[in-house]
1. Please specify each residue of segment 63-77 satisfying the condition of being farther than 17 Å from residue 126 by Cα and either under 13 Å from the mean Cα position of the chain (by Cα) or in a strand (DSSP E or B) (or both).
2. Which ones in segment 1-31 are part of a helix (DSSP H, G or I) and in contact with a helix residue (DSSP H, G or I) (Cβ under 8 Å, 6 or more places away or on another chain)?
3. With touching a residue at least 12 places away in the same chain (Cβ under 8 Å) and either in a loop (DSSP other than H, G, I, E, B) or more than 11 Å from the chain's Cα centre (by Cα) (or both) as the only criterion, which of 56, 60, 44 stands out?
4. Quick check, is residue 17 loosely packed, with under 14 Cβ neighbours inside 10 Å, touching a strand residue (DSSP E or B) at 6+ places or on another chain (Cβ under 8 Å) and either at pLDDT 95 or above or under 20 Å from residue 115 (Cβ atoms) (or both)?
5. Scan 27, 11 and give me the residue that is at pLDDT 95 or above, surrounded by 12 or more Cβ atoms within 10 Å (Cβ to Cβ) and within 20 Å of residue 83 (Cα to Cα).
6. When only residues in segment 93-129 that are in a strand (DSSP E or B) and exposed (fewer than 13 other Cβ atoms within 10 Å of the Cβ) count, which is farthest from the chain's Cα centre (by Cα)?
7. Keeping to segment 37-57, report how many residues are under 11 Å from residue 122 (Cβ atoms) and out of contact with any helix residue (DSSP H, G or I) (no Cβ under 7 Å at 6 or more places or on another chain).
């Protein structure tokens, strides 16, 4: 049986000198429940990656961002599905948002983000951010 494949976007969102880290809630898959991630979601048919990211951030967090640049594409295989995650660096004009789907959040300086228990697919993003700093 072929695993389900999903195409998703994620935003590394900066406000001033901190990065927004979101904690997933209990979900269908234990291996990503309560893990930390960069916010985003699935790309819908007919959307560009940038449109999908802006829509997901509006829906999940009521947050408007400016997309600055493409950062990294991550291809990851989980036990139940595979994914391509297209990641963009974003800027927010505010640190206020609504938490509609996540359990918790932290605004952290770059040198503290590795202290969190990240979802496996988000680890290459953390590593790239730390390498580029």
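The values are calculated or read from the model by the stated rules, or taken from the named source; none is laboratory data. If you're wondering where the values come from, they're calculated on a predicted model, not measured in any experiment. As a convention, Cβ positions derive from the backbone with ideal geometry for all residues, glycine included, and neighbour counts pool all protein chains shown.
1. 65, 66, 67, 68, 77
2. Residue satisfying the conditions is 31 alone.
3. Working: 56 fails: either in a loop (DSSP other than H, G, I, E, B) or more than 11 Å from the chain's Cα centre (by Cα) (or both); 44 fails: touching a residue at least 12 places away in the same chain (Cβ under 8 Å).
Step by step, each of 56, 60, 44 is checked, and only 60 is touching a residue at least 12 places away in the same chain (Cβ under 8 Å) and either in a loop (DSSP other than H, G, I, E, B) or more than 11 Å from the chain's Cα centre (by Cα) (or both).
4. Details: loosely packed, with under 14 Cβ neighbours inside 10 Å: yes; touching a strand residue (DSSP E or B) at 6+ places or on another chain (Cβ under 8 Å): yes; either at pLDDT 95 or above or under 20 Å from residue 115 (Cβ atoms) (or both): yes.
For residue 17, the condition - loosely packed, with under 14 Cβ neighbours inside 10 Å, touching a strand residue (DSSP E or B) at 6+ places or on another chain (Cβ under 8 Å) and either at pLDDT 95 or above or under 20 Å from residue 115 (Cβ atoms) (or both) - is met.
5. The match here is 11.
6. The residue in question is 109.
7. Within segment 37-57, the subset under 11 Å from residue 122 (Cβ atoms) is 37-40.
Applying the additional criterion that residues be out of contact with any helix residue (DSSP H, G or I) (no Cβ under 7 Å at 6 or more places or on another chain) yields none.
The qualifying residues number 0.
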